[in-house]
1. Given the pairs LYS103/LYS161; LYS77/LYS145; LYS91/LYS180; LYS102/LYS161; LYS77/LYS102, which are separated by over 19 angstrom at their Cα positions?
2. What order do you get for 88-94, 146-152, 110-116 when each peptide is scored by the mean count of other beta carbon atoms within 10 Å, highest first?
3. State, to one decimal in nm, how far the label point of THR94 lies from the label point of TRP62, with both points 7 Å from Cα in the Cβ direction.
4. Using each residue's phi in segment 139-146, evaluate 6.51 cos²θ - 1.76 cosθ + 1.60 at θ = phi - 60° and report the 3J(HN,Hα) Karplus result to the nearest Hz, with x for Gly and Pro.
5. Report the semi-axes of the equivalent ellipsoid for segment 63-169 in whole Å, largest first, where each axis is √(5λ) for an eigenvalue λ of the Cα gyration tensor.
6. In sequence order, what are the phi-derived ³J(HN,Hα) couplings for segment 65-70 according to the Karplus relation 6.51 cos²θ - 1.76 cosθ + 1.60 with θ = phi - 60°, rounded to whole Hz, with x for glycine and proline?
7. For a quick check of your reading of the filter: which GluC sites (Glu not before Pro) in segment 82-163 sit in a DSSP loop and have no more than 16 other Cβ atoms within 10 Å?
Amino acid sequence: MVNDKSSSSRRMGGNKKTAEVTRRGFFGKTIAAIMGLIGFGLGIPLFGYAVLPTLKKREEPWSEVGPLELIELNRPKELEVVRSSSSGWMKSNTVRSFWAYKKPDGEVVAFSPICTHLGCGYRWSDADQQFLCPCHNSVFDLEGKVLAGPAPRPLDTLPTKIEGDRLFILYQEFKAGLPKKEAI
Ligand code: FES
């Protein structure tokens, strides 16, 4: 009987310990779950703030060129524009040039300033009424079509838009040396 009592008290002690262990385990798991929830709650905005911008594609916003009167009728002019771009956290402003003229119907035609052969800068010749590339003598007409030389495709046009009396351009660069226009 004595043995029974002591064994039952041992059993009770064992049960207490088990209950304590179970309680501890329960609190431990609850705290871990709460910490997990807090971490998750903090992690989402942090992810949005720190990581998402780096995953965003580089933006190519429209750049304002200036008043439309800068553009001449059927006479290409080299103009400059400040191009803003961002890649992740990096924001940059760079000055880029392009050629533009106005057609009789008011449409503005703009060309990338980079020769489609190997990427040299070309110029408009008033005397010849042609674009001439000095590197390998490619020649383009007012519409950008290749008239002579090794250029594999016409001059690369750039999208333009007019808002009020202001001209905007979507500056882009394209790979040289290919028969088809391919953005970089
Ligand atoms: S780069 Fe213009 S013709 Fe070669």
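Every number in this text was worked out from the coordinates using simple rules, so none of it is lab data. Since the structure is predicted, the reported quantities are computational estimates derived from the model, not experimental observations. Every residue, glycine among them, receives a Cβ derived from its backbone with ideal geometry; neighbour counts consider all protein chains shown.
1. LYS91/LYS180
2. Descending mean neighbour count gives 110-116, 146-152, 88-94.
3. Distance between the two pseudo-spin positions: 2.3 nm.
4. 10, 10, 8, 4, 7, x, 5, 6
5. Taking √(5λ) for each eigenvalue gives 24, 19, 10 Å, largest first.
6. The phi angles translate into 8, x, x, 4, 5, 5 Hz.
7. Answer in residue order: GLU107, GLU143.
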